[in-house]
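Structure incoming, see below.
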Number of protein chains: 6
Amino acid sequence: MGTHEHDEETYRRGRERFLEIHDEKALRTVEGLGDLGRHIVEFVYGQMYTKPALTDRDRELGAVVALTSLGRSSQLPQHLRASLKAGLTPDELREAIMLTATIAGFPPAMNAMATLKSVLAEQDRGADGATEPG
Amino acid sequence: MGTHEHDEETYRRGRERFLEIHDEKALRTVEGLGDLGRHIVEFVYGQMYTKPALTDRDRELGAVVALTSLGRSSQLPQHLRASLKAGLTPDELREAIMLTATIAGFPPAMNAMATLKSVLAEQDRGADGATEPG
Amino acid sequence: MGTHEHDEETYRRGRERFLEIHDEKALRTVEGLGDLGRHIVEFVYGQMYTKPALTDRDRELGAVVALTSLGRSSQLPQHLRASLKAGLTPDELREAIMLTATIAGFPPAMNAMATLKSVLAEQDRGADGATEPG
Amino acid sequence: MGTHEHDEETYRRGRERFLEIHDEKALRTVEGLGDLGRHIVEFVYGQMYTKPALTDRDRELGAVVALTSLGRSSQLPQHLRASLKAGLTPDELREAIMLTATIAGFPPAMNAMATLKSVLAEQDRGADGATEPG
Amino acid sequence: MGTHEHDEETYRRGRERFLEIHDEKALRTVEGLGDLGRHIVEFVYGQMYTKPALTDRDRELGAVVALTSLGRSSQLPQHLRASLKAGLTPDELREAIMLTATIAGFPPAMNAMATLKSVLAEQDRGADGATEPG
Amino acid sequence: MGTHEHDEETYRRGRERFLEIHDEKALRTVEGLGDLGRHIVEFVYGQMYTKPALTDRDRELGAVVALTSLGRSSQLPQHLRASLKAGLTPDELREAIMLTATIAGFPPAMNAMATLKSVLAEQDRGADGATEPG
């Protein structure tokens, strides 16, 4: 259904970029969404995330700010993990969330800060010899 | 009215930061909002924009993404100008807006891209024979 | 309290339409909201859902798109069930959600697609001789 | 078209309440929207604005906060005028808008404050030598 | 810049679909947005608008509801024109906008209804003695 | 980190106001957010909530309407409790939520009404000699 219009080469490149940014588990979740998941891998990761001007750190900073602004909490933990992987420090993320409070209000920033806190706690727990890479 | 709770030192520092990020004309607009304008200068520029972890380039990248996501068009031109001043290139801004399209949808990204186009054109006109391509 | 301004005839018609679109259980939830629930039955189902131009299929397509766009997840499962009852196929709903991704962004579409998946799974489970009508 | 489901008595009461809150010119604009305008007069002004617990001052405070939060600028000037008519002072409105900044962010509050400023200026001009300071 | 990842075949198909839905003038506006415009033509029109399950009438109904819900007024006139072209009648559009009022509130529906009114008036003027009543 | 720019006097005043409006437990949650929590206590409660024009009842009416409009459910229970403490009656809160439905749509109002219902039930349970002040 609807798969004839997908482009294998773009999909393959998107899958590779997705795994650099996130991980296998996140990929399975996205692919569990069927045709929509395939478009996300192709368009977002195969096309948007392969453009030359921004770094992955820039992109994840942007993703965290956009998701926080719009109060889209389901995708935030995964992008906070990707932000840390892309080199943003916990302090940089805290400031980015505080800055977002000035544009989107304190409530979504409070929620995002609590989410960051639990992502950092989860990584601390995982860091004692665990293999979960974050 | 209500000014007794303002802190002169924070306000002075905010005013200085505001002028580094934006310009005199933008400051007059904000100060034209009275008590609210004063709080913006103090809290946003005197407190949020003086934190140590993010660079001004990071902050303006975040501001452009947040304003685009929420479709808040009135403040966007000024932050696009501040972004260029803080070192973001036109191509980086274009990619940031395209990335925002994936999180907030194409319509707000289309509006932001059209606004970027006119900010770049305005800067070209103002640039006295400059070669900045837009 | 406040019930003097309700119109019995419109309410009765709304209740009937509500039960055609949704079911008894959903009606009890709405009526549990008191005066607000009564206005929803009267105004939304007794007035908006009895207008002559659109079909129920059109209305539910619109409701799914609006709820997805705004990220209003609490009311989505019930309207996805109503959509299937009104004749929208799972593939039509999947495409409607993907289309919404282009206007509202991928995150709310991802959430809506996951919700559709569980509504469809719940109906599959219920279809083995169960009486729950969906 | 679609008018059979309107209730004349509720409409008449809504029209009366609308004119107490706003004015003839605003009513003509709403009635220019046809069937939708009629539902607004009936449902919002004939039913919501005739409930017993809140005062008009409370309702207009709520309307200004809701419209500011959501950035719905088209309806704001009319509700700011209605707020002043219902007894809210310019200082109360300024504080309400500043409070909204903490929940919805500074950009929509900046826009609302600028709108309030021009509504107050417009009322000063219309005030035939009145001393109302704005 | 960034064009290496575009797919010519998908773009060509998207351009064709775009012109069936909208017109040459609208295409020039989108293409004026550069790389973003190209992605819109490819992804939205070349991929989303070529899926098999929904009709163009369904898609435009969805687009009008989504744009109205989110208050995205810049893209609404063009999709209202496309809706009429795809077979939605003025009465169906009026009901769709009224239905959206119940999910997104009256203010965005009021704006959309006023926009529909001017799109219909513009089509009447363009219609050389046509009888379309608007 | 970042605390050098906090003002002890404003923080102390904010903490006092916060405890008048909410309670110790809510304060611990906000302070658990670190630097952001500190800014909320200082700016929102030490500066916005100490302005002279609005009453606490007005402020909480505004907070409930803003949080309901934006669908920000995490902060709503605490502000509903604060509303009751500031003198708003359950009926006034019900009407405020219904009024918000007209501006923001029924779905966020339905959620807010269900939240109010459980806040009221929780207070009823707590009222039998319990010490939890609400």
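Residue by residue through the stretch C:32-66, note down the ones that are surrounded by 21 or more Cβ atoms within 10 Å (Cβ to Cβ) and outside any helix (DSSP H, G or I).
Matches in the stretch C:32-66: C:L33, C:L54.
For the stretch B:14-31, which residues satisfy the criterion of being within 13 Å of B:G46 (Cβ to Cβ) and open to solvent by 70 Å² or more (accessible area, probe 1.4 Å)?
Within the stretch B:14-31, B:R15, B:E16, B:E20 qualify.
Kindly evaluate C:A104 against the criterion of being under 30 Å from A:A63 (Cβ atoms) and among the aliphatic types (A, V, I, L, M).
yes
Can I ask one more? Can you tell me which of (1) open to solvent by less than 30 Å² (accessible area, probe 1.4 Å); (2) touching a Leu at 6+ places or on another chain (Cβ under 8 Å); (3) not aliphatic (A, V, I, L, M) is the one F:G71 doesn't meet?
Exception for F:G71: condition (1).
Which of (1) under 25 Å from C:R15 (Cα atoms); (2) in contact (Cβ under 8 Å) with a residue 12 or more places away in the chain; (3) open to solvent by 30 Å² or more (accessible area, probe 1.4 Å) does C:L88 not meet, given it meets every other one?
(3)
Sticking with this one: Taking the stretch D:54-71, which residues are more than 7 Å from every other protein chain (Cβ to nearest Cβ) and of a type in the set (V, I, T)?
Scanning the stretch D:54-71 gives D:T55, D:V64, D:T68.
Restricting to the stretch F:41-71, what's the tally of residues that are aliphatic (A, V, I, L, M) and either at positive phi or over 12 Å from the mean Cα position of the chain (by Cα) (or both)? Explain how you work it out, then say what you get.
Here is the first cut: in the stretch F:41-71, the residues aliphatic (A, V, I, L, M) are F:41, F:44, F:48, F:53-54, F:61, F:63-67, F:70.
Filter again for either at positive phi or over 12 Å from the mean Cα position of the chain (by Cα) (or both), leaving F:41, F:48, F:53-54, F:70.
Within the stretch F:41-71, residues that are aliphatic (A, V, I, L, M) and either at positive phi or over 12 Å from the mean Cα position of the chain (by Cα) (or both) number 5.
I'm checking my understanding of the structure. Among residues of the stretch A:72-86 that are more than 8 Å from the chain's Cα centre (by Cα) and under 18 Å from A:F18 (Cβ atoms), which one is nearest to the other protein chains (Cβ to nearest Cβ)?
By that ranking, first place goes to A:S74.
How about the stretch A:1-11: which of its residues are open to solvent by 20 Å² or more (accessible area, probe 1.4 Å), in contact (Cβ under 8 Å) with a residue 24 or more places away in the chain and in a helix (DSSP H, G or I)?
A:T3, A:Y11
Oh, and also: Picking from D:L116, D:L93, which residue would you name as being away from chain F (no Cβ under 11 Å), touching a helix residue (DSSP H, G or I) at 6+ places or on another chain (Cβ under 9 Å), buried (at least 19 other Cβ atoms within 10 Å of the Cβ) and more than 24 Å from A:L70 (Cβ to Cβ)? Spell out the reasoning first.
Working: D:L93 fails: away from chain F (no Cβ under 11 Å).
Checking each option against the conditions leaves just D:L116.
The values are calculated or read from the model by the stated rules, or taken from the named source; none is laboratory data. Only a predicted model underlies this, so the values are computations on that prediction, with no experimental measurement involved. Backbone-built Cβ (ideal geometry, glycine too); neighbour counts: all protein chains shown. These area figures cover heavy atoms from the full protein model, side chains too; ligands, DNA and RNA do not enter into them. Shrake-Rupley method; radii C 1.70, N 1.55, O 1.52, S 1.80 Å.
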